[in-house]
1. In units of 2.2 N^0.38 Å, what is the alpha-carbon radius of gyration of segment 43-172?
2. Would you mind pulling out the separation of the Cα centroids of segment 46-112 and segment 141-162, in Å?
3. Under a 1.4 angstrom probe, counting protein chains only, how are Arg57, Arg64 ranked by accessible area, largest first?
4. For Leu180, list long-range residues whose amide hydrogen, built 1.01 Å from N in the peptide plane, is under 5 Å from its own amide hydrogen.
5. Can you tell me the alpha carbon radius of gyration of segment 144-194 divided by the globular rule-of-thumb value 2.2 N^0.38 Å?
6. Using a 1.4 Å probe, what is the accessible area per residue for segment 41-194, in Å²?
7. For segment 67-130, what is the convex hull (Cα atoms) projected area averaged across all directions, in square nanometres?
8. Round to a whole number: what % of the accessible area of segment 119-194 belongs to carbon and sulfur, probe 1.4 Å?
Amino acid sequence: MPRGRFEMSESEVRASLGCTKAEPYATGHVGTPHFSILISYGAKTMTIADLALIAGRTYPARRRTQNLVGGASPIQAANFSIGNVTLEPNGGQVPWHNQEQEEVYFIIEGTGEMCLGEERMTLHTGQAVYIPHRVFHQLTNIGDTPLRMLYCYGPAGDVAHWRQELDGTLPRAGVDVPALPAGAHPQCTEKPKA
């Protein structure tokens, strides 16, 4: 298969960096044009997370989250976490929740309804929104195509809403926690089907 100008085989990467060791974190992919490796050379270490190789997790609210920094990613940081999220068309969602960490959502592609505290606005490709810590927020895909976004929050660590959503125990907007802004898409609180 022909390679693009930025794609190199494992041996080419190792040779160009003078590497002494290469270890795949996802088996079966080393030596192909798209691979992720932990490269150690000299006293430095380069860790690469390849989105194409990160399966991620699918949530009941119709989204897939792939950790790029933190979580199951080979890259770990103490001060922040980053992930790629894909919301399914027409209603895929990061449901109404809050957390201790401050956060930013960046819309890579798509159109979404962003609720933040008592505000509700439409976000488009290329826009970012700042989410202060402890403020309730929700993002819903209102388009006919998948919405892709990056999140970045700090400090690093898990956030409770991931487990709550999987367990079907996410606090309900307007019942257990503050209500969504008027006119907002409803919060998805369904437990996954067994």
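The values are calculated or read from the model by the stated rules, or taken from the named source; none is laboratory data. In this text the structure is predicted, and so the values were computed from the model without any measurement. The protein model used for the area step is the full one, side chains on, heavy atoms only, and it has no ligands, DNA or RNA in it. Shrake-Rupley method; radii C 1.70, N 1.55, O 1.52, S 1.80 Å.
1. Its radius of gyration relative to the 2.2 N^0.38 Å reference: 1.02.
2. Value for the Cα centre distance between the two parts: 4 Å.
3. Arg57, Arg64
4. Gly174
5. 1.38
6. Here the residues of segment 41-194 average 51 Å² of exposed surface.
7. Dividing the Cα hull surface by four gives the mean projection, 5.1 nm².
8. Roughly 56 percent of what the probe reaches on segment 119-194 is carbon or sulfur.
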